[in-house]
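A short write-up of the structure that comes next.
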Amino acid sequence: MFRVINLTRVINMTRVINLIRVINLIRVINMIRVINMTRVINMTRVINMTRVINLTRVINMTRVINLMTPVG
């Protein structure tokens, strides 16, 4: 009887430990994914912001040039 009980205990312990390991692994993978996603999103935001700023600069420059050149 004791041996059987000890065996089931060991099996349960290993199951619990394996479960905890799997859960921790999944958590770590999810954290890394989230961090990478936010990095990509932030990168694209920065790129889009610089594009918009560069576009507005170009538009403003052309406006200034158009204003400065006398018509006619």
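Quick note: the coordinates plus some simple rules give every number you see, no bench work behind them. On a predicted model such as this, the values are computed, not experimentally measured, just so you know.
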Rounded to two decimals, the Debye log10 I(q)/I(0) of the chain (Cα scatterers, no solvent) at q = 0.19, 0.28 Å⁻¹ is -0.87, -1.09
For the stretch 52-58, Karplus-derived ³J(HN,Hα) couplings (6.51, -1.76, 1.60; θ = phi - 60°; whole Hz; x for glycine and proline) come out as 4, 5, 5, 4, 5, 4, 4
